[in-house]
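**Q** Next up is a structure, given as structure tokens.
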Amino acid sequence: MASARSSPTSSRSFYFVALASRAEGKTSRGQSAPARPLVIVEQGKAGRFALVARNDNVILRSDEGGINGCDPFEGRGIAAKGVYVTIEQGVACGGAHWTDYATFRFDRRSGTFLFDNWRTQSWSLNPSDDPKADALVSDGQQIVRSRGRQVPFAKWRRPDR
């Protein structure tokens, strides 16, 4: 379980918490790994926590790291700074090398987190025989921005799905 704290206002504290299923890592061949819910909870004045939003599509499943079976969220995390929160995923495993970052921002007017941008980048092994060549070459990157669309955290879906 990973978590990050975000304090977009001085009077409110939000926590992003990645939940793991007890069934994770116990799936049979041909069976998909369970979803990994990402929840936002807010700490109230009495110290109690309340669920603000949940999204089962932000964090990739443990079996979505490519043919090598690498977990895209293992060793990664959730970064919070000011009104922005980024969920960082990626693999550097065998021939698979890629990153996937989904960023949300707190909107003070609506009082909720909204989609801001989604960035992906991938690399392949360099086929060059030159001993001075880089080991990896970029396959490119993709950036999807909100462009004024107001997509709440709970309703956001990956553009590649």
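The values are calculated or read from the model by the stated rules, or taken from the named source; none is laboratory data. Quick caveat, the model's predicted, so the values are computed rather than measured. All Cβ positions, even for glycine, are placed from backbone atoms using ideal geometry, and neighbour counts span all protein chains on display.
**Q** Out of Ile87, Ile40, which single residue is assigned to a strand (DSSP E or B), of a type in the set (A, V, I, L, M), touching a helix residue (DSSP H, G or I) at 6+ places or on another chain (Cβ under 9 Å) and modelled with pLDDT of 85 or more? Walk me through it before giving the result.
**A** Values: Ile87 fails: touching a helix residue (DSSP H, G or I) at 6+ places or on another chain (Cβ under 9 Å).
Within the list Ile87, Ile40, the selection yields Ile40.
**Q** Name the residue that is modelled with the highest pLDDT, counting only residues in the stretch 8-28 that are exposed (fewer than 15 other Cβ atoms within 10 Å of the Cβ) and in a loop (DSSP other than H, G, I, E, B).
**A** Ser11
**Q** Take the conditions within 23 Å of Val39 (Cβ to Cβ) and surrounded by 12 or more Cβ atoms within 10 Å (Cβ to Cβ) and apply them to Gly94. Does it pass? Break it down stepwise before answering.
**A** On the way: within 23 Å of Val39 (Cβ to Cβ): no; surrounded by 12 or more Cβ atoms within 10 Å (Cβ to Cβ): yes.
No; evaluated as a whole, the condition is false for this residue.
**Q** Name every residue in the stretch 53-75 that is in a loop (DSSP other than H, G, I, E, B) and either surrounded by 21 or more Cβ atoms within 10 Å (Cβ to Cβ) or in contact (Cβ under 8 Å) with a residue 60 or more places away in the chain (or both), in order of residue number. Break it down stepwise before answering.
**A** We begin by selecting, within the stretch 53-75, every residue in a loop (DSSP other than H, G, I, E, B); these are 60-75.
Leu60, Ser62, Gly65, Pro72, Phe73 - these are the residues of the stretch 53-75 that are in a loop (DSSP other than H, G, I, E, B) and either surrounded by 21 or more Cβ atoms within 10 Å (Cβ to Cβ) or in contact (Cβ under 8 Å) with a residue 60 or more places away in the chain (or both).
**Q** A further question on this structure: Any residue in the stretch 121-132 that is among the acidic types (Asp, Glu) and closer than 19 Å to Val58 by Cβ? I'd like the intermediate steps shown before the answer.
**A** Taking the stretch 121-132 as the starting set, the residues that turn out to be among the acidic types (Asp, Glu) are 129-130.
Among the residues that remain, those that are also closer than 19 Å to Val58 by Cβ are: none.
Looking through the stretch 121-132, none of the residues is among the acidic types (Asp, Glu) and closer than 19 Å to Val58 by Cβ.
**Q** Which of the residues belonging to the stretch 109-161 are exposed (fewer than 13 other Cβ atoms within 10 Å of the Cβ), hydroxyl-bearing (Ser, Thr, Tyr) and farther than 19 Å from Pro72 by Cβ?
**A** Ser110, Ser128
**Q** Just the residues that are among the small types (Gly, Ala, Ser) and not in a strand (DSSP E or B), please, taken from the stretch 94-130.
**A** Applying the first criterion (among the small types (Gly, Ala, Ser)) to the stretch 94-130 yields 94-96, 102, 110-111, 122, 124, 128.
Across the stretch 94-130, the qualifying residues are Gly94, Gly95, Ser110, Gly111, Ser128.
**Q** Suppose the filter is in a loop (DSSP other than H, G, I, E, B), of a type outside the set (Lys, Arg) and free of Cβ contacts under 8 Å to residues at least 60 places away in the same chain; does Asp139 pass it?
**A** On the way: in a loop (DSSP other than H, G, I, E, B): no; of a type outside the set (Lys, Arg): yes; free of Cβ contacts under 8 Å to residues at least 60 places away in the same chain: yes.
The answer is no for Asp139.
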